[in-house]
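Below you'll find the structure, written out as structure tokens, and then a few comments.
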Amino acid sequence: MIKKWIIVSFLNVFVAGVLGFLLRIFQYYEVRFPYGNFLHTHSHIAMLGGLYQIYYVLIYLYFIPQNKNNLSSYSALFWITQSTILGMLLSFPIQGYGLFSILFSVIHILCSYYFCFITFKSITQENDLSSIFLRSALTCMLISSFGIWGLGITMGTLGKNSVLYSICIQFYLHFQINGWFLLGSLALLLRLITIKSLRIPPKIARYFYILILGGILLTFGLPLSWYFHSIYIYFVYSLGILCNIAALVLYLKYIHPFFVKISKKNDYILYLLYGCFVISFVAKNVLQLFLLVPEMAQLSHEIKNLRIGFIHLEVLGMYTTLAVVLLLIQCQWINCRNNLIQIGTFFFLLFFFISEGLLFIQGFYLYLDKGSIPYYSCVLSCISLLFPLSFGLYLMYLYQANLSLKSNSQIQ
């Protein structure tokens with residue numbers, strides 16, 4: 001059953017990758033199609049179908065007691081949630097935000113509420129650091145949904161062009177990407193460290209948690225500063241950025257060495273993917289230092305390339321790579337030395353680093369009024385094909401491995 005969950009989650013990422021490639025290639029060739037509708041489809045399938053479902057599986061594997069009742073509850077919820085993803089995939093391209101797409105989105109939110117409920121219930125007696133991080137991650141997921149409910153109210157009263165409508169969107173994205181997924185990633189990392197009988201000093205663990213939480217809450221001032229120019233808001237988000245830097249220092253000094261030991265003992269593929277996570281984690285915080293300059297903070301919102309590059313840095317460079325690492329470690333039946341896994345990983349890393357470089361360099365070109373990099377759109381469109389190819393190779397391996405395991409179990 002778990003194997004099917006993983007296959008379906010990776011299939012969602014593959015579909016999101018195909019949609020991302022189409023968005024790039026259609027823009028380059030100026031094909032007329034409902035770009036906005038496909039963009040909404042891509043973002044929803046990537047975040048809710050891909051990343052959310054993978055983290056759903058990881059939380060079940062790392063935190064939930066493996067028994068028949070839990071498997072039954074989580075399995076039913078997984079497939080109901082997946083049906084909403086399929087609904088979004090079919091409805092968003094046709095109608096954008098319409099009756100059916102909104103309906104499926106609302107059902108997905110309700111499913112996430114139930115996921116939080118049963119997970120809170122399962123870990124309520126645990127007070128180790130990883131469980132505290134997970135409870136905070138789930139709380140951020142719940143808080144982020146207030147932005148979605150606010151969208152409906154704002155759309156009906158003030159309209160889509162209002163500042164409050166934009167703030168509701170930023171509220172949702174902030175507590176999803178910088179809250180739920182960040183805390184969820186760290187919760188899983190810390191859980192793995194606990195499983196391996198490694199220990200972080202309690203005082204350091206407490207400081208790390210406070211700094212991460214402070215960074216999440218205070219840096220919401222950044223999107224607010226795009227709409228309200230205030231020295232107080234600037235001070236708040238600047239303090240949040242400094243909290244993030246301090247948390248990064250603690251991570252690199254006290255948590256990173258543990259995971260290096262774990263990944264080195266397994267396979268170089270894990271080491272490469274984890275290296276991508278660390279590079280992205282460091283790059284995210286270093287880039288945020290530029291936002292201490294108010295002009296750069298405003299441009300980070302206005303220049304699309306910088307905005308997309310930063311989101312991909314977190315979603316792909318940090319959360320997706322770490323999720324794959326954690327799955328490979330937990331699922332012993334996956335052979336990291338298989339050619340499909342190795343080539344798929346190479347394609348993914350090649351896509352990530354080249355596309356991020358292009359996005360950020362083009363963003364700075366626009367900032368300097370230098371126009372476009374030569375062949376920028378063409379190269380970015382072509383390189384975007386590597387992402388769905390990488391997960392296509394992962395899927396081929398997972399399908400073959402699942403068939404092999406089934407045949408072996410029948411023989412036995």
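The values are calculated or read from the model by the stated rules, or taken from the named source; none is laboratory data. Quick caveat: nothing in here was measured; it's all calculated off a predicted structure. Cβ sites come from the backbone with ideal geometry, for glycine too, and all protein chains shown count toward neighbours.
Summary table
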| item | result |
| --- | --- |
| Flag for L292 being assigned to a loop (DSSP other than H, G, I, E, B), of a type in the set (A, V, I, L, M) and surrounded by fewer than 16 Cβ atoms within 10 Å (Cβ to Cβ) | yes |
| Any hit, region 307-314, residues being among the hydrophobic types (A, V, I, L, M, F, W, C), over 25 Å from I210 (Cα atoms) and under 20 Å from the mean Cα position of the chain (by Cα) | yes |
| Residue ranges of helices (runs of 4 or more DSSP H) in region 196-251 with at least 2 members under 24 Å from the mean Cα position of the chain (by Cα), in contact (Cβ under 8 Å) with a residue 24 or more places away in the chain and over 14 Å from L291 (Cβ atoms) | 202-218, 231-250 |
| Hits in region 21-56 (condition: exposed (fewer than 15 other Cβ atoms within 10 Å of the Cβ), touching a helix residue (DSSP H, G or I) at 6+ places or on another chain (Cβ under 9 Å) and free of Cβ contacts under 8 Å to residues at least 40 places away in the same chain) | Y29, V31, R32, F33, Y35 |
| Candidates L306, L270, L299 - the one that is touching a Cys at 6+ places or on another chain (Cβ under 8 Å), more than 20 Å from F14 (Cβ to Cβ), part of a helix (DSSP H, G or I) and not aromatic (F, W, Y) | L270 |
| Enumeration of residues in region 8-40 that are among the polar types (S, T, N, Q) and over 22 Å from C382 (Cβ atoms) | S9, N12, N37 |
| Every pair of residues 6+ apart whose Cβ atoms lie under 6 Å, when the first sits in region 161-185 and is under 16 Å from N244 (Cβ atoms) and touching a residue at least 40 places away in the same chain (Cβ under 8 Å) while the second is among the hydroxyl-bearing types (S, T, Y) and in a helix (DSSP H, G or I) | F175/S144; F181/Y319; L183/S136; S185/Y319 |
| Identity of the residue in region 335-373, farther than 19 Å from K304 by Cβ and modelled with pLDDT under 90, that ends up surrounded by the fewest Cβ atoms within 10 Å (Cβ to Cβ) | R337 |
| So Q66, is it assigned to a helix (DSSP H, G or I), surrounded by fewer than 18 Cβ atoms within 10 Å (Cβ to Cβ) and not hydrophobic (A, V, I, L, M, F, W, C) | no |
| Search result, residues across region 113-134 that are of a type outside the set (D, E) and outside any helix (DSSP H, G or I) | T124, Q125, N127 |
| Selection count, region 310-368, where residues are of a type outside the set (S, T, N, Q), under 19 Å from K3 (Cα atoms) and part of a helix (DSSP H, G or I) | 11 |
| Pair list, Cβ under 7 Å, 6 or more apart: region 129-147 residue within 21 Å of I167 (Cα to Cα), other residue surrounded by fewer than 19 Cβ atoms within 10 Å (Cβ to Cβ) and among the hydrophobic types (A, V, I, L, M, F, W, C) | M141/C116; L142/C116; S145/I109; G147/I169 |
| The lone exception for H42 - which of (1) closer than 19 Å to G87 by Cβ; (2) assigned to a loop (DSSP other than H, G, I, E, B); (3) not aliphatic (A, V, I, L, M) it fails | (2) |
| Any hit, region 135-144, residues being in a helix (DSSP H, G or I), modelled with pLDDT under 95 and hydrophobic (A, V, I, L, M, F, W, C) | no |
| Tally, over region 1-39, of residues that are aromatic (F, W, Y) and either in contact with a Ser or Thr (Cβ under 6 Å, 6 or more places away or on another chain) or not in a helix (DSSP H, G or I) (or both) | 4 |
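To keep it simple, each residue is scored yes or no on (1) at pLDDT below 90; (2) among the aliphatic types (A, V, I, L, M); (3) within 21 Å of I216 (Cβ to Cβ).
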{"position": "G240", "(1), (2), (3)": "no, no, yes"}
{"position": "N244", "(1), (2), (3)": "no, no, yes"}
{"position": "G275", "(1), (2), (3)": "no, no, no"}
{"position": "V286", "(1), (2), (3)": "no, yes, yes"}
{"position": "L313", "(1), (2), (3)": "no, yes, yes"}
{"position": "A323", "(1), (2), (3)": "no, yes, yes"}
{"position": "L327", "(1), (2), (3)": "no, yes, no"}
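Yes or no, residue by residue, for (1) surrounded by fewer than 19 Cβ atoms within 10 Å (Cβ to Cβ); (2) among the small types (G, A, S); (3) more than 18 Å from P65 (Cα to Cα):
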position: Y97; (1), (2), (3): yes, no, yes
position: V106; (1), (2), (3): yes, no, yes
position: L110; (1), (2), (3): yes, no, yes
position: Y114; (1), (2), (3): yes, no, no
position: F117; (1), (2), (3): yes, no, no
position: E126; (1), (2), (3): yes, no, no
position: T139; (1), (2), (3): yes, no, yes
position: S144; (1), (2), (3): no, yes, yes
